[in-house]
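For reference, the structure is listed below as structure tokens.
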Amino acid sequence: MVTAQERVVLLNDDGTPRGVAQKAEVHHDRTPLHLAFSCHVLDEHGRVLITRRALGKRTWPGTWTNAFCGHPQPFEPIPDAVRRRAREELGLELADIRLELPDFRYRAVDASGTVENEVCPVYTARALGDPVLVAAEAMELRWVDPRDLAIALTAAPWAFSPWLVSQAAELSRADGEIRAAAWQRAA
């Protein structure tokens, strides 16, 4: 749930900060480029957590996506924001937080015409415990084998958030211990 105090960091095209905006007001048909992050969460069995976005979300409501995404607050280190959003959205503590795709960036338009326009570093992490959904953020969750997720993403990319589809493709090609365990098997 977006609160009046939440802000996003606005970015120039080269990725440098240029100001801040209220999160509640930044997503529309001309969304400015801003800073975000995505996190892919694994369990002890190598399964990947996917969540279904709440119907009240401004963008891609009801769509299946990665574990969670968010926006760091001004001057908040992104790993701290990852931990914060894991607690806020999923009541989840994380271990082994790793920056996997530091330069991920995307722009996408949902069915309502709302634009996402983000520089969105991608992290992976290991879950410590079981997630507990916060209804305003996510309505369902599933732990899935990465091979099964790869098949679903290939067969029906339209059923998932565009950032999950793109990030999964990039993660499956990347090197790294956590990525190799979860995503290279899915490739």
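Just so it is clear, none of the values below were taken in a lab; they were calculated from the coordinates. Predicted model only: the values in this text are computed from it and were never measured. Cβ coordinates were reconstructed from backbone atoms using ideal geometry, including for glycine residues, and neighbour counts include every protein chain displayed.
Odds and ends about this structure:
- By the beta-carbon count within 10 Å of each Cβ, the least crowded to most crowded order of TRP143, TRP158, TRP60, fewest first, is TRP158, TRP143, TRP60.
- Gaussian network model of the chain, Cα within-10 Å springs - most flexible of ALA127, ALA156, ALA54: ALA156
- Degrees, to the nearest 10: 78-90 long Cα axis against longest axis of the chain: 80 degrees
- For the range 97-103, the Karplus equation 6.51 cos²θ - 1.76 cosθ + 1.60, evaluated at θ = phi - 60°, returns couplings of 5, 9, 7, 10, 10, x, 10 Hz by residue, with Gly and Pro reported as x.
- Rounded to the nearest whole Hz, the Karplus-based 3J(HN,Hα) values (6.51 cos²θ - 1.76 cosθ + 1.60, θ = phi - 60°) of the range 119-126 follow the sequence 8, 9, x, 10, 10, 10, 7, 10, with x at glycine and proline.
- Cut-off under 5 Å, modelled amide H: who pairs with THR63 long-range: ARG53
- Square roots of five times the Cα gyration tensor eigenvalues for the range 64-116, Å: 22, 14, 12
- Note, ³J(HN,Hα) from phi for the range 54-60, Karplus 6.51, -1.76, 1.60, rounded to Hz, x at Gly and Pro: 4, 5, x, 5, 5, 10, 6
- Normalised by 2.2 N^0.38 Å, where N counts its residues, the alpha-carbon radius of gyration of the range 7-186 equals 0.96.
- The angle between the Cα long axis of helix 162-173 and the main principal axis of the chain comes to about 50°, on a 0 to 90 degree scale.
- Taking the longest Cα principal axis of the chain as reference, the axis of helix 146-155 is set at about 60 degrees.
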